[in-house]
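First the structure, in the form of structure tokens, and then the observations on it.
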Amino acid sequence: YFDVAKDSQKSFSVDVADMRIKVHGTKFNVYAYPDNDFKEVSLIEGSISLQYGDSEVQLSPNEKVCISGTSGRMNILRTDNSMETAWMEDRIIFIAKPLYQVIDQLQRHFGVQINCSGNISLTDRYTGTFTDRSISDILDILKMHYGFDYIINGNRIEIR
């Protein structure tokens with residue numbers, strides 16, 4: 001998350017994962033993890049332009065650009081800023097996310113490693129919001145939906 005004051009005398013840009021984000025005084029959020037095959041940049045307020053490969057796009061508030069790592073395709077979408085910044089308020093929100101993305105987000109949020117074994121369908125979709133919950137609280141709720149068991153050993157979690 002970046003909050004950059006406007007300064008016409010100085011330029012500011014962020015370079016991450018083959019993207020250059022030119023900032024014009026703004027608040028924006030960047031999602032670019034090396035282990036994921038997609039990247040997102042969400043504009044909360046102000047103005048930014050994003051350069052990726054030979055393409056450059058200008059974003060307006062409440063828009064985000066999603067970039068597929070496999071195809072390199074960029075899509076601009078309308079978004080809800082409360083969803084984009086939920087993590088700043090310790091909220092985790094899933095809307096029709098495949099279980100493997102839910103697990104990825106839980107790993108990053110809680111700093112744990114989650115391994116799945118058995119017949120768990122990681123493509124099943126989940127919708128839910130969690131506020132001020134522990135990892136075990138969230139896993140207990142997911143357990144009711146998916147019928148799995150889990151074991152927590154330090155920062156490693158085994159789902160089966």
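Odds and ends about this structure:
- Residue pairs, from the table Lys10/Lys39; Lys6/Lys64; Lys10/Lys97, whose Cα atoms sit over 30 Å apart: Lys10/Lys97
- Shape of the range 9-102, Cα gyration tensor, a/c cut at 1.5: oblate
- The range 34-160, accessible surface, carbon-and-sulfur percent (1.4 angstrom probe): 45
- A straight line joining the Cα centroids of the range 14-49 and the range 132-160 runs 31 Å.
- Taking 0.36 nm per residue of sequence separation and removing the Cα-Cα distance, the Phe38/Tyr146 pair yields an extension gain of 36.3 nm.
- Label sites at Gln51 and Ser121, each approximated as a point 7 angstrom past Cα along Cα to Cβ, lie 4.6 nm apart.
- Loop-located chymotrypsin sites (Phe, Trp or Tyr not before Pro) in the range 1-59 (DSSP state other than H, G, I, E, B) with a sparse environment of at most 15 neighbouring Cβ atoms within 10 Å: Tyr1.
- Global form of the chain, assessed from the alpha-carbon gyration tensor, a/c cut-off 1.5: prolate
- Of Gly72, Gly118, Gly128, the one that fluctuates the most in a GNM where the chain has Cα springs shorter than 10 Å: Gly118
- Whole-number accessible area per residue in Å² for the range 48-154, which is evaluated in the context of all protein chains at 1.4 Å: 57
- Estimated FRET transfer efficiency (Gln9, Asn62; beta-carbon r; R0 41 Å; 0.05): 0.90
- Principal-axis analysis of the Cα atoms of the chain puts helix 99-110 at an angle of about 80° to the longest axis.
- Degrees, to the nearest 10: 135-146 long Cα axis against longest axis of the chain: 70
The values are calculated or read from the model by the stated rules, or taken from the named source; none is laboratory data. On a predicted model such as this, the values are computed, not experimentally measured, just so you know. Using ideal geometry, Cβ is built from the backbone for each residue, glycine included, and neighbour counts are taken over all protein chains shown. Heavy atoms of the whole protein, side chains included, go into the accessibility calculation; ligands, DNA and RNA do not. Shrake-Rupley method; radii C 1.70, N 1.55, O 1.52, S 1.80 Å.
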